[in-house]
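Asks: A single structure is presented below for examination.
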Amino acid sequence: MTTVSLTTPYYEIDVPALRRNLSIVQRLCELSGAKALLALKCFATWGVFDVMSPYLHGTTSSSLNEVRLGKEAFAGETHAYSVAYAENEIDEVLEYADKIIFNSFNQLAAFKDKAQAQGIPVGLRLNPQTSNSSFIIADPARPFSRLGEHDINKIEGVVSDISGVMIHNNCENDSFDAFSASLDDIEAKFGHLFKQLDWVSLGGGIHFIAPDYPLEKLAERLKQFSETHGVQVYLEPGEACIHGAAKLVTTVLDTLHNGKALAVVDSSIEAHMLDLLIYRETAPVVEINAEACQLIATESATSTIIYGKSCLAGDIFGEYQLAQPLQIGDRVAFGNAAGYTMVKKNWFNGVAMPSIVIRDDEGKLTVQKTFGYEDFKASLS
Ligand SMILES: *Cc1c(COP(=O)(O)O)cnc(C)c1O
């Protein structure tokens, strides 16, 4: 299968890679009794939802638009959550929600009666004030956090209004011991409340798809948690479902030299891989001209900075030690382009929007969606 005929830039979603991750999620659920809901804020490319939904129990959301998409396009349960619902959207949210989780006492008080009148189970987000996150910007337990309630006395006062709670305090946590210790802490703080509840969602951010992650130990820990407290456990994996399952394929449009070799590709990190810019990370180069790429850290290698084509001076995908200098026309593919990429893409500089391409189980490529001037224009007015 040759990919060279497709017009760049494009995101290429790899269905077999998706299935590998999702099989691990499914196995974790089978072993532990937990239910897994895809976090749509990480990945909402609905063209592959029919592939994903058989492995999962549904979706969770962070807005009206996401909960609606989950209901329309994904089988199973649809959980609604938002940092703050507006008065004018709550009725529509409740049309799509199978459960609704409020972020605060105020939101709970304002909207719980409406939900319960429709028979929709209501939950509250709790904040244990501890977390496993190495980035302050992504740390739900950061000082003065608005993400969930923490005051145990006040929580006790509303526990009869809710049937479950959600706690999300991990971010790409690949340590089982750290997760388990955090769960110990959660049980010490809130454990006495769980007996009065039917379900506890432990959020996302657990990197259990890493090859050396002790999946069985995690399953055992979750099962023990569920049995001790008599609750249904939910997990809300985003990144774990899609990790490594897409690449962003670009073409080198120009090369320059300014102290180092420079290459400019027909994409932009700010517009098409914004998360990497926010977290100041390098985009992994996985292929050059469709060959798996060896990045060589030797003296003879050519150090090349790959830039995006927006006019932002620091629109940099990364600096790489390449076996050969890049040439105009070379195709450069950046890996791990599924999570927090397509959901954040934007029209900065009017840079051509990458199309969305799906590689199926047989390796066949389908161009699922292309974007053009009309989409750019329609995004503004
Ligand atoms: C972001 C988020 C998730 C998904 O996190 P991942 O790190 O992508 O697994 C799940 N639940 C909540 C409440 C979130 O905010």
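Asks: With Ser182, Ser145, Ser175 as the choices, which residue is surrounded by fewer than 19 Cβ atoms within 10 Å (Cβ to Cβ), over 20 Å from His243 (Cβ atoms) and touching a residue at least 12 places away in the same chain (Cβ under 8 Å)?
Replies: Ser145
Asks: Let me ask something else about it. Is it fair to say Leu248 is in contact with a His (Cβ under 7 Å, 6 or more places away or on another chain), touching a residue at least 24 places away in the same chain (Cβ under 8 Å) and closer than 18 Å to Glu12 by Cα?
Replies: Criteria met by Leu248.
Asks: A follow-up question, please. Any residue that is open to solvent by less than 70 Å² (accessible area, probe 1.4 Å), polar (S, T, N, Q) and assigned to a strand (DSSP E or B) - is there at least one of those in the range 122-132?
Replies: yes
Asks: Among the residues of the range 151-165, count how many are open to solvent by 30 Å² or more (accessible area, probe 1.4 Å) and under 27 Å from Glu77 (Cα atoms).
Replies: 2
Asks: Would you call Ala219 more than 30 Å from Ala290 (Cα to Cα), in contact with a helix residue (DSSP H, G or I) (Cβ under 9 Å, 6 or more places away or on another chain) and open to solvent by less than 20 Å² (accessible area, probe 1.4 Å)?
Replies: yes
Asks: Which of (1) in contact with a helix residue (DSSP H, G or I) (Cβ under 7 Å, 6 or more places away or on another chain); (2) touching a residue at least 40 places away in the same chain (Cβ under 8 Å); (3) open to solvent by less than 10 Å² (accessible area, probe 1.4 Å) is the odd one out, the single condition His79 does not satisfy?
Replies: With respect to (1) in contact with a helix residue (DSSP H, G or I) (Cβ under 7 Å, 6 or more places away or on another chain); (2) touching a residue at least 40 places away in the same chain (Cβ under 8 Å); (3) open to solvent by less than 10 Å² (accessible area, probe 1.4 Å), His79 is out only on (1).
Asks: Sort out which residues of the range 174-199 are outside any helix (DSSP H, G or I), within 16 Å of the ligand (Cβ to nearest atom) and either in contact with a Gly (Cβ under 6 Å, 6 or more places away or on another chain) or farther than 27 Å from Ala80 by Cα (or both), and write them in order of number.
Replies: Within the range 174-199, Ser175, Trp199 meet the criteria.
Asks: Kindly indicate whether any position in the range 30-47 is in contact (Cβ under 8 Å) with a residue 12 or more places away in the chain, over 25 Å from Gln232 (Cα atoms), within 16 Å of the ligand (Cβ to nearest atom) and in the same structural domain as Ala141 (by TED's automatic domain parsing).
Replies: Checking the range 30-47: at least one residue is in contact (Cβ under 8 Å) with a residue 12 or more places away in the chain, over 25 Å from Gln232 (Cα atoms), within 16 Å of the ligand (Cβ to nearest atom) and in the same structural domain as Ala141 (by TED's automatic domain parsing).
Asks: Return yes or no: is Asp50 open to solvent by 20 Å² or more (accessible area, probe 1.4 Å), away from the ligand (no atom under 13 Å from the Cβ) and out of contact with any strand residue (DSSP E or B) (no Cβ under 9 Å at 6 or more places or on another chain)?
Replies: yes
Asks: Does Lys154 satisfy being charged (D, E, K, R), in contact with a helix residue (DSSP H, G or I) (Cβ under 8 Å, 6 or more places away or on another chain) and closer than 19 Å to Gln232 by Cα?
Replies: no
Asks: Are there any helices (runs of 4 or more DSSP H) wholly within the range 236-293 with 3 or more residues that are open to solvent by 20 Å² or more (accessible area, probe 1.4 Å), and if so which?
Replies: Per the criteria, 274-278.
Asks: Among the residues in the range 213-224, are any touching a Gly at 6+ places or on another chain (Cβ under 9 Å) and within 10 Å of the ligand (Cβ to nearest atom)?
Replies: Checking the range 213-224: not a single residue is touching a Gly at 6+ places or on another chain (Cβ under 9 Å) and within 10 Å of the ligand (Cβ to nearest atom).
Asks: I've got another one for you. Considering only the range 350-380, state which residues are touching a residue at least 12 places away in the same chain (Cβ under 8 Å), under 30 Å from Arg19 (Cα atoms) and among the charged types (D, E, K, R).
Replies: Correct list: Arg359, Asp360, Asp361, Lys364, Lys369.
Asks: Now for a different question. Out of all the residues in the range 371-378, is one or more touching a strand residue (DSSP E or B) at 6+ places or on another chain (Cβ under 8 Å), open to solvent by less than 80 Å² (accessible area, probe 1.4 Å) and in the same structural domain as Ile278 (by TED's automatic domain parsing)?
Replies: Within the range 371-378, one or more residues are touching a strand residue (DSSP E or B) at 6+ places or on another chain (Cβ under 8 Å), open to solvent by less than 80 Å² (accessible area, probe 1.4 Å) and in the same structural domain as Ile278 (by TED's automatic domain parsing).
The values are calculated or read from the model by the stated rules, or taken from the named source; none is laboratory data. Note that the coordinates shown come from a computational prediction; the quantities given were computed from them, not determined experimentally. When we count neighbours, we look across all protein chains shown, and the Cβ atoms used for this are built from the backbone with ideal geometry, even at glycine. Note: areas computed on protein heavy atoms with side chains; ligands, DNA, RNA excluded. Shrake-Rupley method; radii C 1.70, N 1.55, O 1.52, S 1.80 Å.
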